[in-house]
Amino acid sequence: MRFQCRCGEILSDTLVPNDIELFVYTDREFEKIMDLESIEDIPDPVYSVWKCTNCERILVFDEAIKLIKTYVLEEI
């Protein structure tokens, strides 16, 4: 999939490995994963989470690959 971030950066998860796609699981999901017997049984995360390599925005997509949330990082 390709997506253009609000900063203008073109993001793509077609290369494996890549620096875009993050695998994010809730604690409950992770507990279930820890009980699995094989790594081949690990399910895909519910949401697809990407990090822009330019502005570091976090983009969250639903199962239909529709952007549902964007998080902008703050400098501390």
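Quick notes on this structure:
- Subset of region 47-69 [of a type in the set (V, I, T), surrounded by 12 or more Cβ atoms within 10 Å (Cβ to Cβ) and either assigned to a loop (DSSP other than H, G, I, E, B) or in contact (Cβ under 8 Å) with a residue 40 or more places away in the chain (or both)]: T53
- Candidate set: region 29-40, residues that are of a type outside the set (A, V, I, L, M, F, W, C) and surrounded by 10 or more Cβ atoms within 10 Å (Cβ to Cβ); chosen: the one nearest to E63 (Cα to Cα): E29
- Of the criteria (1) surrounded by 10 or more Cβ atoms within 10 Å (Cβ to Cβ); (2) assigned to a loop (DSSP other than H, G, I, E, B), which one L15 fails: (1)
- Long-range neighbours under 8 Å by Cβ, at least six apart or interchain, first residue part of a strand (DSSP E or B) within region 22-41, second among the polar types (S, T, N, Q) and at pLDDT below 90: none
The values are calculated or read from the model by the stated rules, or taken from the named source; none is laboratory data. What you are looking at is a predicted structure, and each value in this text was computed from that prediction instead of being measured. So basically every Cβ, Gly included, is an ideal-geometry build from the backbone, and we count neighbours across all protein chains shown.
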